[in-house]
Amino acid sequence: MSKLMSLFFAVLSVLLMCATAISISYSGWLTVLFFLLTICCIGAGFIVKARMRRRNGENGETKKEV
């Protein structure tokens, strides 16, 4: 994943976490909504990272030479 895309997901997740914290004071339903959006955003970041890694042929396995 590129650094710019990682930064995008990180900033968006932090903003959603802040919105969740602020909404605790106002409404329980709004808090639940922002919490679910935060979890979905974090999950989407992991999904995009895994798909890009798989597309580029990097499956996380390291080859050890003996």
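The values are calculated or read from the model by the stated rules, or taken from the named source; none is laboratory data. What you see is a predicted model; the values in this text were computed from it and never measured. When we count neighbours, we look across all protein chains shown, and the Cβ atoms used for this are built from the backbone with ideal geometry, even at glycine.
Annotations
- Residues (part of a helix (DSSP H, G or I) and within 28 Å of Gly57 (Cβ to Cβ)) located in segment 1-21: Lys3, Leu4, Met5, Ser6, Leu7, Phe8, Phe9, Ala10, Leu12, Ser13
- Where Asn56 falls short, out of the listed (1) among the polar types (S, T, N, Q); (2) surrounded by fewer than 14 Cβ atoms within 10 Å (Cβ to Cβ); (3) farther than 11 Å from Met1 by Cα: (3)
Residue-by-condition table, conditions (1) at pLDDT below 90; (2) among the small types (Gly, Ala, Ser):
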| position | (1), (2) |
| --- | --- |
| Met5 | no, no |
| Ala10 | no, yes |
| Leu16 | no, no |
| Ser23 | no, yes |
| Trp29 | no, no |
| Phe35 | no, no |
| Val48 | no, no |
| Asn59 | yes, no |
| Thr62 | yes, no |
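- Segment 22-38, residues that are part of a helix (DSSP H, G or I) and exposed (fewer than 12 other Cβ atoms within 10 Å of the Cβ): Gly28, Trp29
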